[in-house]
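Only one structure is covered here, and it is reproduced in the block below.
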Amino acid sequence: MKIIIAGDGKVGATLTRQFTAENHDVTVIDFNSTVLDSSVERYDVFSVQGNCASMTVLNQAGVREADLLIAVTNHDEINLLCCTTAHSMNPKLHTIARIRNPEYNEQAYRMRDVFGLSLVINPENQAATEIHRLLKYPGFLRRDTFAKGRTEIVELRVDAGSKLCNVKLMDLRSIVKCTVLVCAVLRSGSAVAPGGDFILREGDRLFVTALSENLTTLLNNLGIITRRVRRVLICGGGTVGYYLAARLEKEGVAVKIVEASLQRCQELSALLPEADIIHGDVSDQDLLLSEGMAQYDALVTCTGLDELNMIVSLYAASRGVPQVITRLSNADNRSLIDSLNLGSVICPKDLCSNNIARYVRAMKNQTGAALTVHAIADGQAEAMEFRVDEHTLHCGEPLKQIKLKPNVLLVSITHGAAPQIANGDSMFQEGDIVLVVTNGREVLYQLNDIFA
């Protein structure tokens, strides 16, 4: 497929790496020639320097022959104009625009036909949604939802003194007292597809498939105390902080935002009448202590500086804040991140890339395409949902009789509204939704790709 990526920033570079690895024909547009030269050298793509909203530049990029254009520059207005212009030049073109400004959020969606938009992506809003979901279950580092919210893959860390330390996976159910399936384990930065004899060690991060109704049982039996979050301290009043605070306000959660810009504080005060807005520097330890940081149920760092977010999160963890969530714009160095006590790490760039990747795979294979795609285990594995249709092989056969490709695991089957964690006797039928986890080395475009 021929894909044009307008904007060679963090998201653009991530998409370029991903789509070239999947053998798509990629063209990148950006004003910065140095950045473009780097992308050409690393990924062997075609590049065009200039304004992506210009018809001349889009012509040079081959927009009339392209299948998809993704506009991810740093300016919402340019992204919208780029998509509108490109679609007028090629009405068959699919277009995706990244829109960050909350003022444009609903407008872009309602006017997507006018703008020629196939999909609108808002990474900051997605990040706020993920953080909000994590606040509901403080024991998990991450939650990915499937089967319309009825099945989840949750991330847990095996800390010193955990009930999971030195436990064989075959003995896990006797501890958690509910049906779960460990679909991946990260150990020393490498993802492992564990068998029943695999022994969990301190420092492991495991990705567990469970029914949503069993999440509380899972945490309670692991000795992880869960309590409703009533007070949240947000460090940084940018877009992510605003989206998150607005959600929490509606639920009656007490929110305090610490923001360095006086003008932004005044804006937030008008937008969030129920929140406490504090003008100050979040790197000032005395300020955080005076604002009662240790008495909050959760602290979220979402300033525009990754280094500052990491430092504040480390400090909050050292002061005993029960739940810490860190927003990072670049989470590529996972070995360093995992060595630090940052709590849950949310990366809007990765959330945005995952959504776009799912759309591209659906374009490539309109019939039987993945319904959802989530990167897990630091991008070393993928969890995907597929619908079983009339073309799916092995319908009605027990899983123990079906041979899957290496490093592919079928983890759950949803029949109607009833999800089930898969076992050897499980079977899928036409209309069911199946959840599959793969190591990500081979792209799965349809369900039949999982079978040996």
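Computed from the coordinates by the stated procedures, all read-outs in this text should not be read as laboratory data. Owing to the predicted nature of the structure, the values given are computational and were not obtained by experimental measurement. FYI the Cβ positions are ideal-geometry reconstructions off the backbone, even for glycines, and counts take in every protein chain you see.
Dipole magnitude for the chain: computed about the Cα centre from +1 point charges on Lys and Arg Cβ and -1 point charges on Asp and Glu Cβ, it is near 940 debye.
Pairwise alpha-carbon distances in segment 1-88 exceed 21 Å for 17% of all pairs. Between T179 and Q263, the simple spin-label model (points 7 angstrom out along Cα→Cβ) gives 5.7 nm.
Here the Karplus relation 6.51 cos²θ - 1.76 cosθ + 1.60, evaluated at θ = phi - 60°, turns the backbone of segment 56-69 into coupling constants of 4, 5, 5, 4, 4, 7, x, 5, 6, 9, 7, 9, 8, 10 Hz, with x for every Gly and Pro.
Residues of segment 412-452 falling in the label zone of K400, defined by backbone nitrogen less than 13 Å from a point 7 Å along Cα to beta-carbon, are 423-427. Ordering H75, H391 from the fewest to the most neighbouring beta carbons within 10 Å gives H391, H75. What the phi angles of segment 405-421 give under the Karplus curve with 6.51, -1.76 and 1.60, with θ = phi - 60°, is a coupling list of 5, x, 6, 10, 10, 8, 9, 7, 10, 10, 10, x, 9, 10, x, 9, 5 Hz, glycine and proline written as x. Beyond 39 Å, the tail of the calculated P(r) for the chain holds 25 percent of the Cα pairs.
How large is the Kirkwood hydrodynamic radius of segment 280-436, counting all unique pairs of alpha carbons, in Å?
18.8
Mind checking the full-extension length gain between Q285 and N74? Use 0.36 nm per residue of separation minus the Cα-Cα distance, one decimal, nm.
Difference between extended and current length: 72.8 nm.
Counting 0.36 nm for each residue step from N330 to M363 and taking away their Cα separation leaves a gain of 9.1 nm. At an R0 of 56 angstrom, the distance between the Cβ atoms of D37 and D197 translates into a FRET efficiency of 0.65.
A straight chain from L271 to R231 at 0.36 nm per residue would run longer than the Cα-Cα distance by 12.5 nm. A simple spin-label model places the labels of D113 and S188 5.8 nm from each other, with each point 7 Å out along Cα-to-Cβ. Which of the listed residues, S290, I5, P102, is farthest toward the dipole's positive end in the chain, when Lys, Arg count +1 and Asp, Glu count -1 at the beta-carbon? Sorting the options by dipole projection puts first S290. For a straight C-alpha distance cut-off of 13 angstrom, the aspartates and glutamates reachable from K400 (same-chain residues fewer than eight places away being disregarded) are D425.
With all pairs of separate Cα atoms included, segment 375-450 yields a Kirkwood hydrodynamic radius of 12.6 Å. Ordering K177, K250 from the fewest to the most neighbouring beta carbons within 10 Å gives K250, K177. Secondary structure note: in the chain, about 50% of the DSSP beta bridges are antiparallel. Model label points for N221 and E103, set 7 angstrom from Cα along the Cα-to-Cβ axis, are 5.2 nm apart.
Footprinting exposure proxy ranking of Y109, Y359, fewest other C-beta atoms within 10 angstrom first, gives Y109, Y359.
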